[in-house]
């Protein structure tokens, strides 16, 4: 079943086309990787899906309903949660209050204080934040802030999780931990994940399918193996091979 | 776990309730016993507490600094001054609050689309606009100033003002604890993250702005009875808005203690120095403001927390 359907989505900022008629389907239960160089339009696509920005044209459907005209808080309550590449913790609040706020507003049904405590505890555990519940978010390391970003998104009770470079800036060990945590979280919460990542090995390990954006256009889609062999992707990332240039004027 | 929750309920609900009632009793009872001079001081103190707590419901929780709260105060006073002869006071005081809240609700919708320093300037500009528009209206009506005959005495007004201060304090405290308050705090911390996590940010900001104007409208209505004299420039004076912000900075606006401490500090300082040396008062006020902004950005209530830790 298709959970998210993006149809001919375009976004134009002034004279710049950040997204150019991108169409994409995410199946229920898959982990879908999104890659592309800086400026390819990945984060813009996230922002439109999550409602932080309006598309210039095109539509987004989630679980069969159109969502591209809704506000971010409405989209959140429909079951889409996103993280931010540049983390946005509620810096003055504790880790627990960060997560609880997301739970109070993202969940469609009100939970009793006891249910909230239990759920907060289990989410913090899943994200490796157990001992940090009473720490003020501004005092966390980057790695912990990235995990808090995931924990807060989970607390809204999403069906679809949009992860924007949650591994950027982490050490290799932290990346390994994060991959394990994300797989655990996906199974526990029955999630579908759309993930932007520059750490290629991580993306290959996790993703069922990968979509590649280049300068606002979708240039390839397929399994990690397909993408690794795709000449257009290689060209977009590394430029053309020297041998092809020979003989050109 | 259950005792934990009970202890938390005690600390968050019962204790603030008792402290507020005790403070109100002290302020009113003390004022009554201490004679006319102290009654006026107590009235002034209660007035500022009511105004700053209300301001803090919006500005303290969301971080949007409003320099326009004099308008709410002024509208309440204006309603009282113009309708005093025709309606009983117990109708006009709540009506002043309703008028101020309604006005805030209407202006909030366009005003709150703006963030940061522009918001501050806009609220100030709007307050000046209302002031001069009313001044023009009053001049056209030939009523450059209005007198109120037969207003209640100081002790009655003190009782009302203390009740408003207590109500504003409890409102600020309980809004801060509520889900609504948690949403407002999330807006202060990071508005984009808040809306992405499900906080209906626009609706919450508009509601908080309107709510924070209601009690100031009632305070203005009571103060019109106190001065028995109404003049637009005086009642809509930006000094009221500035003083609210000054006291909130000195006291701290992170909780309901801050406004009480800020009002005590400034009213105390003013009583000590204003008569003897008004210049010294203003100089000290400026120095205090600078010192607090630099060294104690969370105000007196923040200092208390820091000592405890």
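The values are calculated or read from the model by the stated rules, or taken from the named source; none is laboratory data. Here the structure is a predicted model, which means the values were calculated and not measured. All Cβ positions, even for glycine, are placed from backbone atoms using ideal geometry, and neighbour counts span all protein chains on display.
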Number of the exception - residue A:110 against (1) facing chain B (nearest Cβ under 10 Å); (2) assigned to a loop (DSSP other than H, G, I, E, B); (3) in contact with a helix residue (DSSP H, G or I) (Cβ under 6 Å, 6 or more places away or on another chain): (3)
Which numbered condition residue A:189 misses (of (1) away from every other protein chain (no Cβ under 14 Å); (2) closer than 24 Å to residue A:105 by Cα; (3) touching a strand residue (DSSP E or B) at 6+ places or on another chain (Cβ under 6 Å)): (3)
Residues of segment A:67-76 satisfying the condition of being surrounded by 20 or more Cβ atoms within 10 Å (Cβ to Cβ) and within 8 Å of another protein chain (Cβ to nearest Cβ): A:72, A:73, A:76
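Please pick out the residue among B:193, B:213, B:224 that is within 14 Å of chain A (Cβ to nearest Cβ), part of a helix (DSSP H, G or I) and surrounded by 24 or more Cβ atoms within 10 Å (Cβ to Cβ). Walk me through it before giving the result.
Details: B:213 fails: within 14 Å of chain A (Cβ to nearest Cβ); B:224 fails: within 14 Å of chain A (Cβ to nearest Cβ).
Step by step, each of B:193, B:213, B:224 is checked, and only B:193 is within 14 Å of chain A (Cβ to nearest Cβ), part of a helix (DSSP H, G or I) and surrounded by 24 or more Cβ atoms within 10 Å (Cβ to Cβ).
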Answer residue from segment A:53-66, given it is in contact (Cβ under 8 Å) with a residue 40 or more places away in the chain and under 15 Å from residue A:11 (Cβ atoms) and is farthest from the other protein chains (Cβ to nearest Cβ) among those: A:57
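So if I check each of B:121, B:114, B:109, B:93, which one is away from every other protein chain (no Cβ under 14 Å) and not in a helix (DSSP H, G or I)?
Working: B:121 fails: not in a helix (DSSP H, G or I); B:109 fails: not in a helix (DSSP H, G or I); B:93 fails: not in a helix (DSSP H, G or I).
Sole residue among the options that is away from every other protein chain (no Cβ under 14 Å) and not in a helix (DSSP H, G or I): B:114.
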Test for residue A:198: is it at pLDDT below 90, touching a strand residue (DSSP E or B) at 6+ places or on another chain (Cβ under 9 Å) and within 20 Å of residue A:44 (Cα to Cα): yes
Failed condition for residue B:152, given (1) over 22 Å from the mean Cα position of the chain (by Cα); (2) modelled with pLDDT under 90; (3) not in a helix (DSSP H, G or I): (2)
Qualifying position, being within 11 Å of chain B (Cβ to nearest Cβ) and in contact (Cβ under 8 Å) with a residue 40 or more places away in the chain, among A:155, A:151: A:155
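Quick check on residue A:211: is it modelled with pLDDT of 70 or more and buried (at least 16 other Cβ atoms within 10 Å of the Cβ)?
In short, yes.
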Selected residue [part of a helix (DSSP H, G or I) and either within 19 Å of the chain's Cα centre (by Cα) or crowded, with 19+ Cβ neighbours inside 10 Å (or both)] from B:42, B:25: B:42
Unmet criterion (only one of (1) surrounded by fewer than 22 Cβ atoms within 10 Å (Cβ to Cβ); (2) within 13 Å of chain B (Cβ to nearest Cβ); (3) in contact with a helix residue (DSSP H, G or I) (Cβ under 8 Å, 6 or more places away or on another chain); (4) under 23 Å from residue A:76 (Cα atoms)) for residue A:119: (2)
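The rows are residues; the columns are (1) in contact with a strand residue (DSSP E or B) (Cβ under 6 Å, 6 or more places away or on another chain); (2) closer than 25 Å to residue B:252 by Cα; (3) in contact (Cβ under 8 Å) with a residue 40 or more places away in the chain.
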position: B:43; (1), (2), (3): no, yes, yes
position: B:70; (1), (2), (3): no, yes, yes
position: B:88; (1), (2), (3): no, no, no
position: B:98; (1), (2), (3): no, no, yes
position: B:119; (1), (2), (3): no, yes, yes
position: B:132; (1), (2), (3): no, no, no
Positions within segment A:101-119 being more than 21 Å from the chain's Cα centre (by Cα) and under 17 Å from residue A:90 (Cα atoms), in sequence order: A:104
Elements of type helices (runs of 4 or more DSSP H) in segment B:236-309, at least 2 residues being touching a helix residue (DSSP H, G or I) at 6+ places or on another chain (Cβ under 7 Å) and more than 29 Å from residue B:217 (Cβ to Cβ): B:278-295
Close pairs (6 angstrom Cβ cut-off, 6 or more residues apart or separate chains): at the interface with chain B (Cβ under 8 Å from one of its Cβ atoms) in segment A:82-107, buried (at least 23 other Cβ atoms within 10 Å of the Cβ) and in a loop (DSSP other than H, G, I, E, B) anywhere: A:102/A:156; A:102/B:197; A:105/B:197; A:105/B:198; A:105/B:199; A:106/A:156; A:106/B:197; A:106/B:198
Boolean, residue B:7 is within 14 Å of chain A (Cβ to nearest Cβ), touching a residue at least 60 places away in the same chain (Cβ under 8 Å) and part of a helix (DSSP H, G or I): no
